[in-house]
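Since the structure comes first, as structure tokens, the remarks are kept for the end.
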Amino acid sequence: PKVNSPVDKPSVVSTQTSRNVRFAWHWPTRGVIVGGFSISKGQQGIDIKAQKGQAVMAAGGGEVVYVGNSLKGYGNLVIIKHNESYLSAYAHNDSIFVSEGQRITAKQKIGTVGLNKQRVSALHFQIRKNGKPVNPINYLPKI
């Protein structure tokens, strides 16, 4: 019947995607969390200490909407739009392998870990919901 018709399936999938239902997040790199999320301390994401040059992967599929280093304090930055509600940001990259407008898949290598402001090799990772930073730990799978 109607529920199983091919015409209905895309609308169900797009509704789920736009509301972020069934969207699976992935860790962007392996390492130790050395900076936790704290809006009161101005920490809008988490810092993951890792080896310089280690792979940085997309936490989810989407479109690359920013690549550059013009946002002060973030170094080489990549921002991915996952759907209408969610963005993820990857700061302090050493190398970047994607460009603006590019569609990417979850776990695709987008860059490598570089040095942060304290000259420590770490990735600064943020998730933003409707433009506001949220704690990535609440979205990423348990280790």
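The values are calculated or read from the model by the stated rules, or taken from the named source; none is laboratory data. All values reported here derive from a predicted model rather than from experimental measurement. Glycine gets a Cβ as well: all are built from the backbone with ideal geometry, and neighbour counts include every protein chain shown. Just the protein is used for accessible areas: all its heavy atoms, side chains included, with ligands, DNA and RNA removed. Shrake-Rupley method; radii C 1.70, N 1.55, O 1.52, S 1.80 Å.
Among the residues of the range 121-143, just one is open to solvent by 50 Å² or more (accessible area, probe 1.4 Å), in a loop (DSSP other than H, G, I, E, B) and among the hydrophobic types (A, V, I, L, M, F, W, C), namely Ile143.
The residues of the range 23-50 that are assigned to a strand (DSSP E or B) and surrounded by fewer than 15 Cβ atoms within 10 Å (Cβ to Cβ), listed by number, are Val32, Val34, Ser38.
Quick check, is Tyr74 touching a strand residue (DSSP E or B) at 6+ places or on another chain (Cβ under 8 Å) and in contact (Cβ under 8 Å) with a residue 60 or more places away in the chain? Answer is no for this residue.
One residue stands out among those in the range 97-120 that are of a type in the set (A, V, I, L, M, F, W, C) and under 12 Å from Ala59 (Cβ atoms): the one that is surrounded by the fewest Cβ atoms within 10 Å (Cβ to Cβ), which is Ala106.
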